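Chemist: I have a structure here, written as structure tokens, and I will follow up with some questions on it.
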Amino acid sequence: MLDLTYDMPKPKIIAGAKHDWELVIGLEVHAQVSSNAKLFSGASTAFGAEPNSNVSFVDAAMPGMLPVINEYCVEQAVRTGLGLKADINLVSAFDRKNYFYPDLPQGYQISQLYHPIVGEGEVLVELGDGTARQVRIERIHLEQDAGKSIHDMDPHMSFVDLNRTGVALMEIVSRPDIRGPEEAAAYVTKLRQILRYLGTCDGNMQNGNMRADVNVSICLPGAYEKYQETQDFSHLGTRCEIKNMNSMRFIQAAIEIEARRQIAIVEAGGKVDQETRLYDPDKNETRSMRSKEEAHDYRYFPDPDLMPLEIEQGWVDDIQASLPELPDEKKSRFINDFSLSDYDASVLTAEAESAEYFESVAEGRDGKLAANWVINELFGRLKKDDLDITDSPVSPAQLGGIIELISAETISGKIAKDLFEIVFNEGGDPAVIVEERGMKQVTDTGAIEAALDQIIADNPAQVEKAKVNPKLAGWFVGQVMKATGGKANPKAVNQLVAQKLAQ
Amino acid sequence: MSIDQNTAAKVAKLARIKVEDDALPALASEFNTILGFIEQLNEVDVEGVEPMVSVTPLRLKRRQDVVTDGNQQDKVLSNAPDAREGFFAVPKVVE
């Protein structure tokens, strides 16, 4: 298999008033496990239900209720770990993270601080300009989500919905290997793509099924390299954590504005305080969440309600054997087998469904032509109607049929677009439509010649001009195409026009 | 390690337990007694001994990913001092 190699991207530089600064970024991504039931209870995880209807007494933290782990959620965490080429810990354990908040009825979140289920892994983050960053994953642990508080329904009260309470989250923690706002967004995009390929998280950021906490610090050029050599954090600046962001755009904007805030403080001789901050997109600023600071003393301890989670290597091996082909492998195979460009292969493998569609079209046909048609015509047309690839009215077999007709020169590229539109709107077998509606390309030089002779006879003045200025030949080609309803083979027309005008 | 009154007050606050100032010295002293006991346990040499999490060889019990619970909004809210439109209503908490 072709291994794709990339250059390392340059870190983003922000010019301060005194000197240049670099950014150092690490992310904690919370990805909701795509499960039917919650991590420790049998209540549903369905989004958009009536408030407090997907709540068991375990989630509501009624006295005496005990958590029982959902095996499927464990499997999905392992699957995610394997997809990120990470170490799987056969023994992990759950801890209580204690804090008070109205949407946390237990008064603690069950998480995995000391013994996470997944250890170190890595993600290759391509940046689309021929460079890519290898981002190290520190760990993935399983934990419970909290409920939702709504503050704008009443001036004096907050409203609490526990439907999300206890839903399984995978917290994916990266090392501080990300060096700019664009890289951070590309990292989240890549992570989302891998999770969707694996089927472990739907990646729906709008519904909050994937959210990120971003740690940002600044350093002088050269300091980061010292950190990488020694893994000693003292070479880096003090970091701030921006909480809970659920859009790629906000992640980028928040990092940029937070870095500039830190640069201003340090250049004025001040010191950055390590703290938790909140990004306000309306004002484009980050603000301290002071109330969180005192609560930071989480008094973690092992959850006495839960035995350690022990899994067997054989089970892990079975999960490994069931992994689908992942984006990196699929992309390099597409480049290799179908001679696609890096860009086309990236577009086609962005979603597993698109890749599958493309492969069915390309199988046994011209791969490059198939890629052009899927990306330019199909994706463009679907977007116009706001449809997903899975809802495409044109099946891979139908699009493949159109491509075969082009490859066999039965139809011209221009007619193929008309044909595509017909198939898109009306369905049907492309070959039959071409036959029935007389869309076949005219390659019969006799018919083309007759049309051309007629045009020459009707336009003697044009002919004289074209003999002096060969560029005007194009006008004759256009007229022939018009006279044949666009069905004439352009190559044949060009040849004939050149011949006739030379006479 | 020894717990002073300030630490005792902080621990009480984190646990949202109200402790009057005049009760703090006694509380701090109780903490110290407990910690003293733990320190005594710390003197035992456990080099090479696997940590024991249970006296019987229990395996963590697992559940299938099936919805078996929920749809009991009325029961879930029945102990709430204030509930409106299906939500728990609590005094305003804003960041």
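Chemist: Give the residue that is modelled with the lowest pLDDT, with candidates limited to residues of segment B:13-28 that are assigned to a loop (DSSP other than H, G, I, E, B) and exposed (fewer than 11 other Cβ atoms within 10 Å of the Cβ). Lay out the reasoning, then the answer.
Modeler: Of all residues in segment B:13-28, those assigned to a loop (DSSP other than H, G, I, E, B) come to B:15-20.
Okay, now just the ones that are also exposed (fewer than 11 other Cβ atoms within 10 Å of the Cβ), so B:16-18, B:20.
Working: B:R16: 89, B:I17: 92, B:K18: 94, B:E20: 94.
So, considering only residues that are assigned to a loop (DSSP other than H, G, I, E, B) and exposed (fewer than 11 other Cβ atoms within 10 Å of the Cβ), the one modelled with the lowest pLDDT is B:R16.
Chemist: Kindly state which strands (runs of 3 or more DSSP E) lie completely within segment A:126-189 and contain at least 1 residues that are under 24 Å from A:I218 (Cα atoms) and either in the same structural domain as A:E229 (by TED's automatic domain parsing) or not hydroxyl-bearing (S, T, Y) (or both).
Modeler: Qualifying strands (runs of 3 or more DSSP E): A:132-144, A:168-174.
Chemist: Quick test for you: out of A:F100, A:F40, A:F94, pick the one residue that is within 11 Å of chain B (Cβ to nearest Cβ), touching an Asp or Glu at 6+ places or on another chain (Cβ under 9 Å) and under 25 Å from B:N79 (Cα atoms).
Modeler: Answer to the selection: A:F40.
Chemist: Scanning for something within 14 Å of chain B (Cβ to nearest Cβ) and surrounded by 20 or more Cβ atoms within 10 Å (Cβ to Cβ), does segment A:170-184 turn up at least one residue?
Modeler: No - not one qualifying residue is present in segment A:170-184.
Chemist: For segment B:66-78, enumerate the residues that are touching a strand residue (DSSP E or B) at 6+ places or on another chain (Cβ under 9 Å), part of a loop (DSSP other than H, G, I, E, B) and either more than 7 Å from chain A (Cβ to nearest Cβ) or surrounded by 19 or more Cβ atoms within 10 Å (Cβ to Cβ) (or both).
Modeler: B:G70
Chemist: Another question about this same structure. Restricting to segment A:422-436, name every residue that is surrounded by 13 or more Cβ atoms within 10 Å (Cβ to Cβ) and of a type outside the set (F, W, Y).
Modeler: A:I422, A:V423, A:G428, A:D429, A:P430, A:A431, A:I433, A:V434, listed by residue number.
Chemist: Any chance you could count how many residues in segment A:234-249 are farther than 21 Å from A:V29 by Cα and either of a type outside the set (S, T, N, Q) or buried (at least 16 other Cβ atoms within 10 Å of the Cβ) (or both)?
Modeler: Total satisfying the criteria: 3.
Chemist: Still on this structure: Yes or no: segment A:8-18 includes at least one residue that is away from chain B (no Cβ under 14 Å), of a type in the set (A, V, I, L, M, F, W, C) and not in a strand (DSSP E or B).
Modeler: yes
Chemist: Can you pull out every residue in segment B:1-12 that is surrounded by fewer than 13 Cβ atoms within 10 Å (Cβ to Cβ) and either part of a helix (DSSP H, G or I) or within 14 Å of chain A (Cβ to nearest Cβ) (or both)?
Modeler: The one that is surrounded by fewer than 13 Cβ atoms within 10 Å (Cβ to Cβ) and either part of a helix (DSSP H, G or I) or within 14 Å of chain A (Cβ to nearest Cβ) (or both): B:N6.
Chemist: Condition first: part of a loop (DSSP other than H, G, I, E, B) and more than 7 Å from chain A (Cβ to nearest Cβ). Can you find one or more residues in segment B:29-43 that meet it? Spell out the reasoning first.
Modeler: Within segment B:29-43, the first condition is being part of a loop (DSSP other than H, G, I, E, B), and the residues that meet it are B:43.
Those left that are additionally more than 7 Å from chain A (Cβ to nearest Cβ): B:43.
Yes, some residue in segment B:29-43 is part of a loop (DSSP other than H, G, I, E, B) and more than 7 Å from chain A (Cβ to nearest Cβ).
Chemist: Going residue by residue through segment A:100-111, is there one that turns out to be in a loop (DSSP other than H, G, I, E, B) and free of Cβ contacts under 8 Å to residues at least 40 places away in the same chain?
Modeler: Within segment A:100-111, not a single residue is in a loop (DSSP other than H, G, I, E, B) and free of Cβ contacts under 8 Å to residues at least 40 places away in the same chain.
Chemist: Within segment A:225-249, track down each residue that is touching a residue at least 60 places away in the same chain (Cβ under 8 Å) and assigned to a loop (DSSP other than H, G, I, E, B).
Modeler: A:L236, A:G237, A:R239
Chemist: Next up: Would you confirm whether or not segment A:63-73 contains a residue that is within 13 Å of chain B (Cβ to nearest Cβ), part of a helix (DSSP H, G or I) and acidic (D, E)?
Modeler: Yes.
Chemist: Going by the conditions given, is A:G203 surrounded by fewer than 24 Cβ atoms within 10 Å (Cβ to Cβ), modelled with pLDDT under 95 and outside any helix (DSSP H, G or I)?
Modeler: It is false that A:G203 is surrounded by fewer than 24 Cβ atoms within 10 Å (Cβ to Cβ), modelled with pLDDT under 95 and outside any helix (DSSP H, G or I).
Chemist: Could you check segment A:345-363 and list, in sequence order, the residues that are more than 14 Å from A:D391 (Cβ to Cβ) and either over 17 Å from the mean Cα position of the chain (by Cα) or of a type in the set (S, T, N, Q) (or both)?
Modeler: Across segment A:345-363, the qualifying residues are A:S346, A:T349, A:F358, A:E359, A:S360, A:V361, A:A362, A:E363.
Chemist: Which numbered condition trips up B:D21, out of (1) more than 7 Å from chain A (Cβ to nearest Cβ); (2) farther than 30 Å from A:P102 by Cβ?
Modeler: It fails just one condition, (2).
Chemist: Just wondering, is there one or more residues in segment A:29-51 that are crowded, with 23+ Cβ neighbours inside 10 Å and either under 30 Å from A:A264 (Cβ atoms) or not assigned by TED's automatic domain parsing to the domain that holds A:R175 (or both)?
Modeler: yes
Chemist: Identify the residue in segment A:114-151 that is of a type in the set (G, A, S) and closer than 14 Å to A:G83 by Cα and, among all such residues, is nearest to the other protein chains (Cβ to nearest Cβ).
Modeler: For segment A:114-151, the residue satisfying everything is A:G119.
Chemist: For segment A:53-73, give me the residue count where each residue is over 17 Å from B:Q64 (Cα atoms) and either surrounded by fewer than 24 Cβ atoms within 10 Å (Cβ to Cβ) or touching a Cys at 6+ places or on another chain (Cβ under 6 Å) (or both).
Modeler: So the answer is 7.
The values are calculated or read from the model by the stated rules, or taken from the named source; none is laboratory data. Since the model is a prediction, treat every value here as computed from it, not as a measurement. A quick note on method: Cβ atoms are made from the backbone with ideal geometry, for glycine too, and the neighbour counts reach across all protein chains shown.
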